[in-house]
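What follows is a short report on a single structure.
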Amino acid sequence: MLFNSYEFIFVFLPITLAGYFLIGRTANRRMALAWLLLASLFFYAWWNPLNLWLIGTSICFNYVVARYLIHRSWPSARNFFLALGVTGNLALLGYFKYAKFVVDNLRAMTGVEVHLPNIVLPIAISFFTFQQIVFLVEAYRGRAEDYDFLHYSLLVAFFPHLIAGPIVHYREMLTQFTRPRVARPWVSHFAVGITIFSIGLFKKVIVADGMAPYANSVFDAAKTGISPTFFEAWIGALAYTFQLYFDFSGYSDMAIGLARMIGIRFPLNFDSPYKATNIVDFWRRWHITLSRFLRDYLYIPLGGNRKGTVRRYSNLFITMLLGGLWHGAGWTFVVWGGLHGSYLIVNHLWQSLRTRMGKPFDQAMPFGQDLARLVTFVCVVIAWVFFRADGIAAASTILASMFLHNGISLPHRFEPHMTEFLPSFASEYLRFDGMFQNGLIDSYQSITWLFALLLVVWYMPNTQQLLARYRPALGYRPRKVTAYRRSWILWRPNYVWSVILAALGAMALVKMWIGGNAEFLYFQF
Amino acid sequence: MQNFYTSNFRGYVYRLLWIQAALLVVLASTSISLVTDVVEPNDDFISRLHLTRNGTAKNAAFGDSHIVWGIVGSPDFITLGADGETIADMELRVRYYFQNKRPGKVIIQGDPHSFSPYKLERGTHAYLQDMGASFWRRFIAHHRQYLGQYWRKVIANRGLHVFHPKHEIKWGWVVGKDRWSSVDPVVRVHQALSRVQRQTPIEELQRHEFAETYRRTLSFLKRSGAEICVVTMPVSYDYHMHAERTRSTASAIRFFQDVAKQNDARYVNFFGLYAQPQFDDYFTDEDHLNEVGAPRFTKKLLSACFDRPD
């Protein structure tokens, strides 16, 4: 069941909320949480009921191992159980997500044929596996308390974050589930929740799904060997850049909004990443909970920055490479992770160089911030080409076109005005055969949309900033609001905002009815 | 006292939900009105649907655009089909039209391009699967996907007078106004070649499920007592020149011939009937007859199909 589907919005959600608050009011807290767990499992089973055994087994296995780690103090047994738990989780993920990739590459390299059954990746497996590894590690470190099975199951299966995150930390969630006032309806929570959910729904259904055709036509053409023109390639890459942004940010808003309706706050997962002025900053804003996981449970255990510069950079690179592989079993994801690893290394080297020289880069020249943001954005767009493309060859085709391999073709009508001013060497790169020769993009409208979206992602406040007065997410620092001093732009529960939100929600609901509902991109990871 | 900008969570939630519900109701009612009053009366698909539902003639011709552009319909002999329809679509239309009436003379299209990949991959049109559907079912199954386009058109043109029938249709016949002969000869060659490439039938079409569908359609008509005529429609000189070179086209024609024979139907091959440059004036494009060619062809076809040999 998708968040952006009628069955979810008009059937599942009202029934779940009504049941939760009703049980919370008439029976007791635990019963209400049990209802929430039941609803979450139903939500998960909607895709494929057979997957229930998978998540059920995973929860039971991890709960038993975690309890052992919490209650026993014999070090070698604890080591053994931690290894067992982590290996068990990784083996499950490895089988479903990476077995085919490994076998295919083995076959390509050695010619050895290994027959695998047809493996279908169960939805959400990457998310609930990581979440449980965190709990095991924390239990091993002696930081996790002994929570009961109901709370633990709900931590893992809670429907707002189950499918595509945020990857919540047990501390953030379990303390909220065990609060005495949980399961009590709060109209303020509901108002904030429905607002965040509506914004997310609009981002996903109107903006992200609206960008999808532009991106798909270019990437699909590249897959079949068609070489897009310079403009087609850039439009395709930028369209995907915005599609992914609004898809994921929309999903995160919807997840945060849903949890908030229930009275639960999620950690922030997305904080205007395209406003980042360097790659380090980008990773503090994009999929924040995954970055946190990779930092705390991979980069730091690898040694982090404690073992010298070379080890630090190699740790960074390995972390990003594995982060790439987490997104999907394919070489394009490895390249994407490798690229970001390289960006981060270059970024750190540059920062240390600038620190030695005196001023930071963004303060060294006029418009330094804007230039830094632009450079970061272009690097991110280049990496997204690998993330989206169906294979390295398709990505190379698009990147070649983006970087003038096929030259630039402008509309016919420019020819008379430009030819006399052009230096002779430019004629090698410049033609006048039309901007969209392959017909992959059908109108100039796309350029207007992309430009408008660029302004939105660079200069508009994000959802959390709009709702900063009402603590929309855990750990969100309201000081960031100071950038938007004009208070009228910040959300408050008044007439104006109810009209705006009603209109955004209505537009999304109508678009869903007309155009069907597309899955969130992050569901595939 | 609460003013326009005062915060109130409960009031906010109620207002948001009420305004949203009101917006949806307004949008739904205006959309329904737009479809019933403006779109449907000008929709070629719907007019063909009405003809299929309400037609009383026992004699009819069935097929895709080749048939509906090429055979002149009349009250006694209507033309039923639509652009882009497939063999599966044709079966649905035939069965629906003759579900409550005994067929008389029936012309069935037997064109090689019915087995081209783009036709074989195309899904059946939603409204053909449910031709007896009420307006509401049609609204959801057919108009729903185009609602955004309808509204965009209305908004872009700032008025409701922007919907016109795409073509003039008489008893199912689409009156083609253009002249293929007026197109530049070089362009004609290229366009025809490109169309032939798109419309080349697959090899071994006899094994495709559409072959079975076709056999089933003719068998149904035979059982119902129809006098069947399978026709391969004429194409222009340039189209024919490229198409006749392909082996699968010949194989497709043989298939239609065989199926017609198995069902005691007459088979008429008019594929090359107008494959001379002087007949380009009969066509609206490379493979569709126009208002000049269609009447002449219809006369010839009816005679070839249903006149008793002396």
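Would you mind putting A:376-384, A:190-198 in packing order, based on average other-beta-carbon counts within 10 Å, highest first?
A:190-198, A:376-384
What lysines sit close enough to A:K100 to cross-link, taking a C-alpha to C-alpha distance under 24 Å and skipping anything fewer than 8 places away on the same chain?
A:K223
In what sequence, highest mean first, do A:447-455, B:55-63, A:155-163, A:81-89 appear when ranked by Cβ atoms within 10 angstrom?
Packing proxy ranking, top to bottom: A:155-163, B:55-63, A:81-89, A:447-455.
Compute the helix-to-body angle for B:87-97: its Cα long axis versus the longest principal axis of chain B, expressed 0 to 90° and rounded to tens.
80
If the viscosity is 0.890 mPa s and the temperature 25 °C, what translational diffusion coefficient in µm²/s does Stokes-Einstein give for the range A:198-314 when Rh comes from Kirkwood over Cα pairs?
148
When the Karplus curve 6.51 cos²θ - 1.76 cosθ + 1.60 is applied with θ = phi - 60°, which whole-Hz ³J(HN,Hα) does each residue of the range A:368-375 get, with x for Gly and Pro?
x, 4, 5, 5, 4, 5, 5, 4
Other chains' Cβ within 10 Å of B:13-22 residues: what's the mean?
6
What does the net charge come to around B:H143 if you take all other residues with beta carbon closer than 12 Å to its beta carbon, with K and R at +1 and D and E at -1?
+1
I'd like the mean, over residues of A:496-504, of how many other protein chain beta carbons sit within 10 Å of each residue's own Cβ.
5
Out of all DSSP beta bridges with both ends in the protein assembly as shown, state the antiparallel percent to the nearest 5.
Antiparallel bridges make up about 15 percent of those DSSP assigns within the protein assembly as shown.
Averaged per residue, what accessible area in Å² does the protein assembly as shown show with a 1.4 Å probe, protein chains only?
Result: 46 Å² of accessible area for each residue.
What does the structure give for B:143-151 when I average, per residue, the other chain Cβ atoms found within 10 Å of the residue Cβ?
Mean partner-chain Cβ count within 10 Å for B:143-151: 3.
Quick one: what are the phi-derived ³J(HN,Hα) couplings along the range B:236-252, Karplus 6.51/-1.76/1.60 with θ = phi - 60°, whole Hz, x for glycine and proline?
Taking θ as phi minus 60°, the curve returns 6, 4, 5, 5, 4, 4, 6, 6, 5, 7, 8, 5, 5, 5, 4, 5, 5 Hz for the range B:236-252.
Ranking request for peptides A:311-321, B:186-196: highest mean number of other beta-carbon atoms within 10 Å first, then the rest in descending order.
Peptide ranking by packing, descending: A:311-321, B:186-196.
If each DSSP helix of 4+ residues adds -39,500 (n - 2.57) and the sum is divided by the residues in the protein assembly as shown, what number results at 222 nm, nearest 500 deg cm²/dmol?
-17500 deg cm²/dmol
To check my understanding: the extent here is largest minus smallest coordinate of the Cα atoms along each principal axis. What are those three numbers for the protein assembly as shown, in Å, largest first?
106, 77, 70
Could you state, as a whole-number percent, how many of the C-alpha pairs of the range A:49-182 are farther apart than 26 Å?
31
Scan around A:S409 for amide H atoms under 5 Å from its own, H built in the peptide plane at 1.01 Å from N, and keep only partners 5 or more places away or cross-chain.
Hits under the 5 Å cutoff: A:F230, A:F231, A:R431.
Once you charge only the Cβ atoms, +1 for Lys and Arg and -1 for Asp and Glu, what is the size of the charge dipole of the protein assembly as shown about its Cα centre, to the nearest 20 debye?
About 3900 debye.
At a Cα cut-off below 27 Å, give the lysines reachable from B:K222, other chains included and same-chain residues fewer than 8 away excluded.
Here the lysines satisfying the reach criterion relative to B:K222 are B:K58, B:K101, B:K105, B:K119, B:K261, B:K299, B:K300.
Between B:K170 and residues 5 or more places away or on another chain, which pairs have amide H atoms under 5 Å apart, with H built 1.01 Å from N, and which residues are they?
B:V175
Ignoring ligands, DNA and RNA, please state the percent of accessible area on the protein assembly as shown from carbon and sulfur, probe 1.4 Å.
61
In Å², nearest 100, what accessible area do chains A and B bury in total when the solvent probe is 1.4 Å?
That pair of chains buries around 2300 Å² in total.
The values are calculated or read from the model by the stated rules, or taken from the named source; none is laboratory data. Every value quoted in this text rests on a predicted model; they were computed, and no experiment measured them. For neighbour counting, all protein chains shown are included, and Cβ atoms are generated from backbone atoms with ideal geometry for every residue, glycine included. Note: areas computed on protein heavy atoms with side chains; ligands, DNA, RNA excluded. Shrake-Rupley method; radii C 1.70, N 1.55, O 1.52, S 1.80 Å.
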